[in-house]
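The values are calculated or read from the model by the stated rules, or taken from the named source; none is laboratory data. Since this is a predicted model, take the numbers as computed values, not measurements. As a convention, Cβ positions derive from the backbone with ideal geometry for all residues, glycine included, and neighbour counts pool all protein chains shown. The protein model used for the area step is the full one, side chains on, heavy atoms only, and it has no ligands, DNA or RNA in it. Shrake-Rupley method; radii C 1.70, N 1.55, O 1.52, S 1.80 Å.
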Amino acid sequence: MPLNPRKSRAISAAVPRNACTCGSLRKASRRVSQFYDTALAPLGIKSTQFSILAEVDRRSLEGPVTMCELATAMVMDRSTLGHNLKPLERDVLVTLRLSDDDRRKRYVELTKKGRLLLRKSRRLWQSAEGRFETIFGKESAAQLRTVLLNIAGNKELNSLPIL
């Protein structure tokens, strides 16, 4: 089913014959990131930072969150996550602490300031979500999220391509 039935014919005609999935997905990802970054700009954070704060908050309901667990949940490697955590740590939105029993484990925790910023940013995020759904349709947006989460969770994509 097309994402927006009203525009499917116009979209199909505009897609180059040689468009690849990866390039198309990266372009869409940048466009959507810009959209959400603009929504969060009044609070001085980016969509990537919001996503990390929200994931730490969500996962911490089950107990302390290790960097490894967070990286897996975010579909990031640990070094990329570490790079993205630096500004959050610098701005005292998260703290990193070593595990008492295993010095190789580092836990990521929201600070009081981080929880407050997350609460404020959720309002802006929800507003952007609403606008996105208005533009693309509620059902189409839900279908898109389903497809994207299925892609993100597909372990077959971990393997190298067959040459």
Once all protein chains are kept in place, E133 shows an accessible area at probe 1.4 Å, nearest 10 Å², of 40 Å²
What dipole magnitude, in Debye to the nearest 20, does the chain give about its Cα centre under +1 on Lys/Arg Cβ and -1 on Asp/Glu Cβ?
600 debye
Counting each DSSP H run of 4 or more residues in the chain as -39500 (n - 2.57), what helix-only mean residue ellipticity at 222 nm follows after dividing by all residues, to the nearest 500 deg cm²/dmol?
-20000 deg cm²/dmol
Please list 3J(HN,Hα) in residue order for segment 45-59, calculated via the Karplus relation 6.51 cos²θ - 1.76 cosθ + 1.60 where θ = phi - 60°; whole Hz, with x for glycine and proline.
10, 9, 4, 4, 5, 4, 4, 5, 4, 5, 5, 4, 4, 4, 6
Working from Cα positions, state the angle (0 to 90°, nearest 10) between the long axis of helix 112-136 and the longest principal axis of the chain.
10 degrees
What FRET efficiency do you get for D102 and S33 if R0 is 35 Å and r is their Cβ-Cβ distance, rounded to the nearest 0.05?
0.50
Taking the chain as a Gaussian network, Cα atoms linked when under 10 Å apart, which of L118, L85, L144 shows the biggest mean-square fluctuation?
L144
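State in Å² the accessible area per residue of segment 41-163; use a 1.4 Å probe, count heavy atoms of protein chains only, and round to the nearest integer. Walk me through the numbers on the way to the answer.
Details: 8400 Å² over 123 residues.
Heavy-atom SASA per residue in segment 41-163 reads 68 Å².
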Would you mind checking which residues have amide H under 5 Å from K105's amide H? H placed 1.01 Å from N; only 5 or more apart, or other chain.
S99
Classify segment 52-163 from the C-alpha gyration tensor, please: rounded if a/c falls under 1.5, else prolate or oblate depending on whether a/b exceeds b/c.
oblate
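How much net charge surrounds C20 when only other residues with a Cβ under 13 Å from its Cβ are counted (Lys, Arg +1; Asp, Glu -1)?
Values: positive: R17, R26, K27; negative: none.
Counting the neighbours of C20, the net charge comes to +3.
Can you check what the net charge comes to around G82, using other residues whose Cβ is under 12 Å from the Cβ of G82 (Lys, Arg +1; Asp, Glu -1)?
On the way: positive: R78, K86, R106; negative: D77, E89.
Value of the local net charge: +1.
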